[in-house]
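In what follows, a single structure is set out as structure tokens and then discussed.
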Amino acid sequence: MPLRSETRRVQPRSSKLEVRSSKAETASDLFGFLNSGSVSKRQIEFRKRQILFSQGEPAKNIFYIQEGSVKLAVTSAAGKEAVVTVLGPGDFLGESCLAGQPLWIATATAMTPGRSLVVEKTEMLRLLHADHEFSDQFISYMVSRNLRTEEDLIDQLFNSSEKRLARTLLLLARYGKPNQALTVPKVSQTVLAEMIGTTRTRVNYFMNKFRKLGFIEYNGTLKINNSLLSVVLRD
């Protein structure tokens with residue numbers, strides 16, 4: 001239910017899975033700005049499978065995820081769903097409304113319980129115009145997000161489904177961020193298949209392969225070992 005008031009070989013850049021340590025610092029700074037008393041906002045808690053906003057609804061809020069994971073997916077007129085991305089702590093959601101997008105073009109669904117700051121579009125625009133330091137930090141974040149989008153596209157175009165799955169698992173585990181346990185939020189193999197553009201059967205095959213090779217572990221949660229990076233770096 002909707003949220004209430006509440007022939008030349010190209011070496012893709014994404015295969016490097018670069019660690020951008022400054023991103024964590026940027027996220028911390030952004031939260032500090034948004035959580036200050038000078039910003040009009042509200043905090044919400046969401047449960048697993050709760051819809052934060054739906055495709056086709058008016059776009060009027062920006063979410064700053066503090067805890068939990070949120071899936072952003074688009075549904076075609078024929079009813080087919082495609083997962084665009086999965087976002088987590090330190091990520092913004094719904095920022096496209098700042099560029100004049102009147103309606104949400106995707107649906108945001110919580111994959112795990114969590115919480116988020118919610119800032120109305122008008123307040124966010126005021127803050128961006130009034131505080132240049134915050135504006136600089138937000139632009140830095142958005143540039144980083146755009147780079148990630150480019151890397152995702154390159155990955156989709158040039159890499160095998162096995163390598164795409166390995167990269168997706170590492171990103172979901174927030175590889176390269178400080179103080180991360182490299183565990184993946186509960187996500188079905190069907191969702192993983194939608195994210196990397198293959199079938200659930202292929203995802204199941206590669207997940208079993210990764211487990212046998214010691215790249216991943218199942219113990220109530222899905223743990224990603226650093227050795228999985230070798231799949232991404234392999235030519």
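Side notes on the structure shown:
- Test: residue in the range 133-141 that is out of contact with any Phe, Trp or Tyr (no Cβ under 8 Å at 6 or more places or on another chain), more than 18 Å from PHE210 (Cβ to Cβ), assigned to a loop (DSSP other than H, G, I, E, B) and among the charged types (D, E, K, R): no
- Subset of the range 83-98 [more than 14 Å from LEU117 (Cβ to Cβ) and of a type outside the set (Gly, Ala, Ser)]: VAL83, VAL84, THR85, VAL86, CYS97, LEU98
- Flag for THR149 being modelled with pLDDT under 85 and within 13 Å of the chain's Cα centre (by Cα): yes
- Set VAL86, VAL74: member being out of contact with any Asp or Glu (no Cβ under 6 Å at 6 or more places or on another chain), modelled with pLDDT under 95 and either more than 22 Å from THR198 (Cα to Cα) or open to solvent by 30 Å² or more (accessible area, probe 1.4 Å) (or both): VAL74
- Taken together, THR183, THR168 contain a single residue that is over 30 Å from SER38 (Cβ atoms), under 15 Å from the mean Cα position of the chain (by Cα), of a type in the set (Val, Ile, Thr) and surrounded by fewer than 19 Cβ atoms within 10 Å (Cβ to Cβ), which is THR183.
- Taken over the range 89-121, the residue count meeting the criterion of being buried (at least 20 other Cβ atoms within 10 Å of the Cβ), hydroxyl-bearing (Ser, Thr, Tyr) and in a loop (DSSP other than H, G, I, E, B) is 0.
- Within the set GLU150, GLU217, the sole residue that is open to solvent by 20 Å² or more (accessible area, probe 1.4 Å) and part of a strand (DSSP E or B) turns out to be GLU217.
- Of residues in the range 53-76 being among the polar types (S, T, N, Q), within 19 Å of GLU120 (Cβ to Cβ) and assigned to a strand (DSSP E or B), the one nearest to the chain's Cα centre (by Cα): GLN66
- Any chance LEU192 is assigned to a helix (DSSP H, G or I), at pLDDT 90 or above and at negative phi: yes
- Residue in the range 60-69 that is within 20 Å of GLU194 (Cβ to Cβ) and open to solvent by 10 Å² or more (accessible area, probe 1.4 Å) present: yes
- Among the numbered conditions (1) open to solvent by 20 Å² or more (accessible area, probe 1.4 Å); (2) more than 25 Å from ARG49 (Cβ to Cβ), the only one that SER188 does not meet is (2).
- Here ARG174 meets each of (1) part of a helix (DSSP H, G or I); (2) open to solvent by 30 Å² or more (accessible area, probe 1.4 Å); (3) among the charged types (D, E, K, R) with one exception, condition (1).
- The lone criterion from (1) open to solvent by less than 60 Å² (accessible area, probe 1.4 Å); (2) touching a helix residue (DSSP H, G or I) at 6+ places or on another chain (Cβ under 7 Å); (3) more than 25 Å from ALA110 (Cβ to Cβ); (4) part of a helix (DSSP H, G or I) left unmet by ASN204 is number (3).
- Residues in the range 223-235 that are in contact with a helix residue (DSSP H, G or I) (Cβ under 8 Å, 6 or more places away or on another chain) and outside any helix (DSSP H, G or I) were compared, and the one that is surrounded by the most Cβ atoms within 10 Å (Cβ to Cβ) is ILE224.
- Residues of the range 79-108 that are of a type outside the set (A, V, I, L, M, F, W, C) and farther than 18 Å from GLU57 by Cα: LYS80, THR85, GLY88, PRO89, GLY90, ASP91.
The values are calculated or read from the model by the stated rules, or taken from the named source; none is laboratory data. What you are looking at is a predicted structure, and each value in this text was computed from that prediction instead of being measured. Note: ideal-geometry Cβ built from the backbone for every residue, glycine included; neighbour counts use all protein chains shown. To get the accessible areas, we keep the full protein, side chains included, count just its heavy atoms, and leave off ligands, DNA and RNA. Shrake-Rupley method; radii C 1.70, N 1.55, O 1.52, S 1.80 Å.
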